[in-house]
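Trainee: Take a look at this one; I'll ask things after.
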Amino acid sequence: MFFILSSIWQHRFYYVFGFLAVVFLILIVTCVEIAIVLCYLQLCAEDYRWWWRSFCTAGTTAVYLFLYGSFHYFSRSHPATVFDLMATCIFFGYLFILCYAMFVLCGFVGFASCFAFVRKIYSSIKID
């Protein structure tokens, strides 16, 4: 995250796109696994309202991204002696847009994986 935010805001170059792709795949797999496990636990507790919870469970990754972006801004990229309101508004505006996109992306992955999981486990039930 540090290198990506530095390349965006501090005019540095980011060359390691292969590593970024691998980390993105790991993020997707982790979102799928966590969403399915929590959906399964919710279904075991006989709570069948799993749709929005699966979306929000995987999308919560965006909260971490926002918290780390705030930490990056106040500790690494912005000097503590000078406070520029316009730069702060621009940074947090773009950070909010990025976090919203990440929330929707990870939320969709979590929902789609839970939807496929629920269809799979309920399609194997035989009713005679």
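Trainee: On a full-extension model of 0.36 nm per residue, what is the gain between Val37 and Tyr94, subtracting their alpha-carbon distance, rounded to one decimal in nm? Can you show the working numbers first?
Mentor: Numbers: separation 57, 0.36 × 57 = 20.52 nm, distance 3.23 nm.
In short, 17.3 nm is gained.
Trainee: Turning to a different aspect of this structure: For Phe17, Phe91, what's the largest-to-smallest order of accessible area, 1.4 Å probe? It would help to have the intermediate numbers written out before the result.
Mentor: Details: Phe17 130, Phe91 5 Å².
Correct descending sequence by accessible area is Phe17, Phe91.
Trainee: At a Förster distance of 35 Å, what's the computed FRET efficiency of Asp84 paired with Ala45, Cβ-Cβ distance as r, to 0.05? Spell out each step's value before the answer.
Mentor: Values: r = 50 Å, r/R0 = 1.41.
Efficiency computed from Cβ-Cβ geometry: 0.10.
Trainee: Turning to a different aspect of this structure: Among Lys126, Lys120, what's the order by accessible area (1.4 angstrom probe), most exposed first?
Mentor: Details: Lys126 170, Lys120 145 Å².
Solvent-accessible surface, decreasing: Lys126, Lys120.
Trainee: If you don't mind, another one. Whole-Hz Karplus ³J(HN,Hα) for segment 22-39, in order, using 6.51 cos²θ - 1.76 cosθ + 1.60 and θ = phi - 60°, x for Gly and Pro?
Mentor: 5, 5, 5, 5, 5, 4, 5, 5, 5, 4, 4, 5, 5, 5, 5, 5, 5, 5
The values are calculated or read from the model by the stated rules, or taken from the named source; none is laboratory data. Because the structure is a prediction, the values reported are computed rather than measured. Please note: Cβ atoms are built from the backbone with ideal geometry, for glycine as well, and neighbour counts cover all protein chains shown. The accessibility values were calculated without ligands, DNA or RNA, using every heavy atom of the protein model including side chains. Shrake-Rupley method; radii C 1.70, N 1.55, O 1.52, S 1.80 Å.
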